[in-house]
Structure formats: C-alpha cells, structure tokens
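*Asks:* Below you will find the structure I want to go over with you.
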Amino acid sequence: MISEERIYAELRNVLESADFAGLGQVQRGKVRDCYQRDGKRIIVATDRISAFDCVLGTIPFKGQVLNQLAAFWFENTRHIAQNHLIDVPDPNIMIVSQCEQIPIEFVVRGYITGVTKTSAWYNYNHGVRNLCGNILPENLRKDQKLERPILTPTTKLEKHDRPISRDEAIAEGLIDAETFDAAAELCFKLYAYGVSHAASRGLILVDAKYEIGKLKQQLIVTDEIHTPDSSRYWFEDTYHELFTAGSEQRKLDKEYVRIWLAGKGFRGEGAPPILPIDIQVEAAKRYIKAYELITGREFLPGTKPVRERVDRVLKRLSLIL
C-alpha cells in the first residue's frame, strides 16, 4: 500500500471535474462526469466524495480506486449478469454502453446498520418496522446480521433518495412488476456472490447498492458495483467481538466519512462542514486498502498528474469514437 506521506503529497493532485469540450456536453453526477456519443457513454470517475447527497470535496486516488474496483467486479460477475462495461482506457475512465436506466436504486442489506436517513438502522431506531415492505422483528441491535438479506429500494432521480417498496414503485409508475422482480433476483444473486468473495478476503459485504438498466430489452448492471461508495465492508475477524461489546465495526468504506459528518451534526441539511486534511487522508487510505484487499492486487497510482492524463485520453477518445 502506498505511504501516508505520498497521500499527503497528492492532496492537490486530484481530479475535481472532467471538462473536455471535444466530447460534447458533460453530465455531472455526484462523483462521475459523463459524455454520450454514438450509443456509448464515457464515464470519468473524479475524486469527488459525496455523502448525504452532498458533494463534500475531493479525496486523492478515489476516482481511480472506484473505477478500477468497479471494473474488477464487472469482469468477475458477467457469469451472473451482463453489464455495461466496454473498455477501461484509463485508470479513471470507463467506456460503457448507453442504456435506458431504471429510476430506482436496488439496495440489498444483509445487516441492519447505517447513519443516513435511508439506512436500515436509522429507520429502525426511529420506530420503523416495515422497511420497504420487509417486516422487521423487534429487538434488533445495530450491526446485527439479518435472518436473510432484504431488498430496500430507493428512488434515484430525486434530490434526496427516498425509500420505496415494490408495490409503491409499481403504483408510482417507476417500474413494472415483471421488471422489478427480475432486477431484484439479479441483485440478490450479485450480493450473494459478493458476500462469498468478500469472505474469502476476510471481509463482510454488509450491503450493496445496484443500478440496473435495459439494453435491447435485456437487464444489465450499470454505474458501479461493490465499491466503497456503493457498499459497506467490515472486517470479519473482529465482527462478533465488536458486535457483542456494542462497539463500532472496523469499516472499509465511505461510512467512515458519513459517521464523521453525523458527529458534526450534518445529515444533509444546510452547508456541509469542510473535510479536514486528516479525514481526507484517512479516507484515501481506506479506499486504497479496500481495493487491495478486495482484488488481491497492489494499487498502482496512475502515471503523470491525473488531470493531464485524463485530458490526454479524452482527447484521443474524441477522435476515435
């Protein structure tokens, strides 16, 4: 793993946004910037970090970690579900198929945890027992493993994600029953595979968010899969000890930043606090460690300043796509 000193040195070498006029108008998400061309999307994973639906700043190497980790999972789950990945021409860039996106995020949870207002534990701790159509028993504890994984969808195209049940999503015209059920089955299979792989690496895949699209009437997995932004990971070797003691789990994901924000009283309303440098560096360390533990590969930082490298690749893509 690269040194903490190297991460401190890279705090200014971050990709805040991708701006390249030669590819047309950019579409900005919270973390990714996208260009569309001839049935394809060029997705640039920036170093922006978001939580509680707010962009908070940047984390060194984060975009590269997310992009390469998503590519790892896409390649290793093709036997379960087709996905939109075509090529990875740069550590921060993916070329994917353009598809019709389903306006729902499918979240599979194996444990009850979380600090966001859409998280299972936040809602359960505030008295909710029917979570998106899943009836939860009394007396659950934070971070407890559920009897079986549950699906808790949220809306996708609203300012703040909103928990929604299968019946509500169908009634609101967001999706039809056949598509919902097929997508849910895919997501449970992907989660089961992710749980198995994570366990082989000494990790617990706590929950995972999946985005599903349609291409030529076939359901395909899009966006990202099992990254520290879209999933929670804990260390397996200390889970039972910490759970029994009622202590926080050792985390390897973005939850570290969410918990820091919640501790400052921020859960999405008003202006977010500025991330201190030590929080940025610790988050970067966790992202990199997640990549190395999950993939079993050494993290190799991209060559040259990230902005220069990405601009060069985008220029080449504007000429050949």
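*Asks:* Tell me which residues come under 5 Å, amide H to amide H, from G57 once H is placed; ignore anything under 5 positions away on its chain.
*Replies:* I49
*Asks:* Could you derive backbone 3J(HN,Hα) for the stretch 39-56 from the dihedral phi with the Karplus parameters 6.51, -1.76 and 1.60 (θ = phi - 60°), listing whole Hz in sequence and x where the residue is Gly or Pro?
*Replies:* x, 10, 10, 9, 10, 9, 7, 7, 8, 5, 10, 10, 7, 6, 6, 10, 7, 10
*Asks:* Let me ask another. Hey, how many Å between the Cα centroid of the stretch 279-305 and the Cα centroid of the stretch 26-61?
*Replies:* With the stretch 279-305 and the stretch 26-61 each reduced to a Cα centre, they are spaced 18 Å.
*Asks:* So if I restrict to the alpha-carbon atoms in the stretch 1-67, what is the Rg, and what is Dmax, the biggest pairwise distance, in Å?
*Replies:* Taking only Cα atoms of the stretch 1-67, I get Rg and Dmax of 13.5, 43 Å.
*Asks:* Can you tell which of Y122, C34, L85 lies farthest toward the positive end of the dipole of the stretch 1-127, using +1 and -1 charges on the Cβ of basic and acidic side chains (Lys, Arg; Asp, Glu)?
*Replies:* Sorting the options by dipole projection puts first Y122.
*Asks:* Would you mind checking which residues have amide H under 5 Å from R162's amide H? H placed 1.01 Å from N; only 5 or more apart, or other chain.
*Replies:* Result for R162 returns T155.
*Asks:* Highest mean first, how do 61-70, 296-305 rank when packing is the count of other Cβ atoms within 10 Å averaged over residues?
*Replies:* 61-70, 296-305
*Asks:* Which whole-number percent of Cα pairs in the chain have a distance greater than 28 Å?
*Replies:* Every Cα pair in the chain considered, those over 28 Å come to 39 percent.
*Asks:* Taking H as built 1.01 Å from N, whose amide H comes closer than 5 Å to the amide H of V107, not counting residues under 5 places away?
*Replies:* Amide H neighbours of V107: T152, T154, Y210.
*Asks:* How big is the dipole moment of the stretch 68-226 about its Cα centre under a simple scheme where the beta carbon of each Lys and Arg is +1, that of each Asp and Glu is -1, and everything else is neutral? Debye, nearest 20, please.
*Replies:* That gives the stretch 68-226 a dipole magnitude of about 540 debye.
*Asks:* Same structure again: Take the cross-link list K40/K189; K145/K251; K30/K285; K30/K189; K117/K264; K254/K289 and give me the ones stretching past 19 Å between alpha-carbons.
*Replies:* K40/K189; K30/K285; K30/K189
*Asks:* Here's something else I'd like to know. Taking the Cα centre of the stretch 77-130 as the origin, how large is its charge dipole in debye, to the nearest 20, when only Lys and Arg (+1) and Asp and Glu (-1) carry charge on their Cβ atoms?
*Replies:* Here the stretch 77-130 has a charge dipole of around 420 debye.
*Asks:* Once you've got the GNM for the chain with C-alpha springs shorter than 10 Å, pick whichever of E16, E138, E255 has the biggest mean-square fluctuation.
*Replies:* Of the options given, E138 has the highest mean-square fluctuation.
*Asks:* Here's something else I'd like to know. Provide the per-residue ³J(HN,Hα) series for the stretch 283-294, in order, calculated from phi with Karplus coefficients 6.51, -1.76, 1.60 and θ = phi - 60°, each as a whole number of Hz, with x at glycine and proline positions.
*Replies:* 4, 4, 4, 5, 4, 5, 4, 4, 4, 5, 5, 5
*Asks:* Measure off 7 Å from each Cα along the Cα-to-Cβ vector at R6 and R250, then give the distance between these two points in nanometres to one decimal.
*Replies:* 2.2 nm
*Asks:* Using a Förster distance of 25 Å, how high is the FRET efficiency between A182 and V26, based on the Cβ-Cβ distance and rounded to 0.05?
*Replies:* That gives a FRET efficiency of 0.20.
*Asks:* Give me the dipole magnitude in Debye, nearest 20, for the stretch 30-106 about the Cα centre, with unit charges on the beta carbon: positive for Lys and Arg, negative for Asp and Glu.
*Replies:* Charge dipole of the stretch 30-106: 60 debye, to the nearest 20.
*Asks:* Tell me the label-point distance for the pair R297, I135, using the 7 Å Cα-to-Cβ offset, in nm and rounded to one decimal.
*Replies:* Spacing of the two 7 Å Cα→Cβ label points: 4.6 nm.
*Asks:* On a 1.4 Å probe surface of the protein chains, which of M1, M94 comes out largest in accessible area, and what is the full order?
*Replies:* From most accessible down to least: M1, M94.
*Asks:* If I build a Gaussian network model for the chain, linking alpha-carbon pairs within less than 10 angstrom, which residue out of R232, R37, R109 has the largest mean-square fluctuation?
*Replies:* Among R232, R37, R109, the largest mean-square fluctuation in the Gaussian network model of the chain belongs to R37.
*Asks:* Let me ask you something else. Which ³J(HN,Hα) values, rounded to whole Hz and listed in residue order, are derived for the stretch 93-99 from phi using the Karplus coefficients 6.51, -1.76 and 1.60 in 6.51 cos²θ - 1.76 cosθ + 1.60 with θ = phi - 60°, glycine and proline given as x?
*Replies:* Values per residue, Gly and Pro as x: 10, 10, 9, 10, 6, 6, 9 Hz.
*Asks:* Per 0.36 nm of contour for each residue apart, how much would the distance between D38 and D311 grow if the chain were fully extended, relative to their Cα-Cα spacing?
*Replies:* 96.3 nm
*Asks:* Right, next: Pick out, in residue order, every one of the trypsin sites (Lys or Arg not before Pro) in the stretch 146-194 that is DSSP loop and has at most 14 other C-beta atoms within 10 Å; say none if there are none.
*Replies:* K159
The values are calculated or read from the model by the stated rules, or taken from the named source; none is laboratory data. Keep in mind that what you see is a predicted model, and the values were worked out from it rather than measured. Note: ideal-geometry Cβ built from the backbone for every residue, glycine included; neighbour counts use all protein chains shown. Accessible surface is based on the protein model in full, side chains and every heavy atom, while ligands, DNA and RNA are left aside. Shrake-Rupley method; radii C 1.70, N 1.55, O 1.52, S 1.80 Å.
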